[in-house]
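Quick note: the coordinates plus some simple rules give every number you see, no bench work behind them. Small disclaimer: the values here were computed from a predicted structure and weren't measured. Reconstructed Cβ throughout: ideal geometry from the backbone, glycine too, with neighbour counts over all protein chains shown.
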Amino acid sequence: MELTSRQEIIVEIVKESGPITGEQIAERLSLTRATLRPDLAILTMAGYLDARPRVGYFYTGKSGNQMLAEKVKNITVNEYQSRPVVVQESASVYDAICTMFLEDVGTLFVVDKHITLVGVLSRKDLLRASLGKQALESIPVSIIMTRMPNITVCKQDDLIIEVANKLIDKQIDGLPIVVEVDYGSRFEVVGRITKTNITALLVDLANDEVI
Ligand code: ADP
């Protein structure tokens, strides 16, 4: 968030003289308390200042960067998820390629007939399978997919920053969002989170649209 020059001056006054009342700040700026009210509300909401009743405003000591970092560290997966696109483990590589094109996604999740997550298919997994001589209709995806338990997953209430770390660490494009079923013995896929979702978060942060 960019501060106006008046807001910056207010922060400086509070930094030097806090705790200080709104009335006293107004006096220092030769303005009325009412004129300052919106600025003080913004600065308090944005986390630059804290207000204590009957004491006044004081500086929180946090830089803009620190506040941004705090904001990012509180965002959870469910705020930026996409819907999952799945194929059955009995589907052929040909079917999976068609699904990837039609659904316009880069990663497919493979499920069994109980919709349990069993595998992941990336673009390059499908490209690699296409390099062989075998007919793509005759190769089941279960042969070429990355399979459980080697799949990195996340849950809806995980932090986005944890997902971003996993994507970088494992050098992959996305994670399935899962819920545990049957006492954690299997996962069902409820969503998808990819580098694209994280790019959307970056854009929202730059536009100051993250609450
Ligand atoms: P691409 O292979 O198209 O560059 P990725 O980097 O996402 O796409 O995938 C790299 C490899 O990691 C692929 O073999 C893929 O099956 C596997 N993979 C993708 N996502 C996951 C995941 N969430 N957990 C484990 N392996 C994954």
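Observations on the model:
- Pairwise Lys count, the chain - Cα closer than 20 Å, eight or more residues apart or different chains: 18
- Global geometry of the range 5-62, whether rounded, prolate or oblate, following the gyration tensor of its Cα atoms and the 1.5 cut on a/c: rounded
- Around the amide H of residue 110, modelled in the peptide plane, lie the amide H atoms of 87, 118, 119, 120, 121, all under 5 Å away and 5 or more residues distant in sequence or on another chain.
- Cα gyration tensor, the range 102-211 - rounded (a/c under 1.5), prolate or oblate: oblate
- Per-residue Cβ neighbour counts within 10 Å put 1, 145 in the sequence 1, 145, beginning with the fewest.
- The chain: most fluctuating residue of 158, 39, 173 per GNM, C-alpha cutoff 10 Å: 39
- With the charge dipole of the range 32-125 set up from +1 on Lys and Arg Cβ and -1 on Asp and Glu Cβ about the Cα centre, the Cα lying farthest toward the positive end among the listed residues 42, 116, 105 is that of 42.
- Amide H to amide H distances under 5 Å link residue 21 with 57, where only residues 5 or more positions off or on other chains count and H is placed in the peptide plane.
- Exposure proxy shown here: for 187, 58, 101, 109, the number of other Cβ atoms within 10 Å sets the order, fewest to most, as 101, 58, 187, 109.
- Inter-part distance where the range 17-83 and the range 87-147 are each reduced to a Cα centre, Å: 51
- GNM result for the chain, Cα springs below 10 Å: residue of 60, 76, 152 fluctuating most strongly: 60
- Mean Cα-pair separation over length for the chain, i.e. relative contact order, pairs under 8 Å, 6 or more apart, %: 18
- Placing unit charges on each Cβ (+1 for Lys and Arg, -1 for Asp and Glu) gives the chain a dipole about its Cα centre, and among 196, 152, 82 the Cα reaching farthest toward its positive end belongs to 152.
- P(r) weight above 22 Å for the chain, C-alpha pairs, percent: 61
- Candidates 29, 126, 108, ranked by Gaussian network fluctuation over the chain, Cα under 10 Å, top entry: 29
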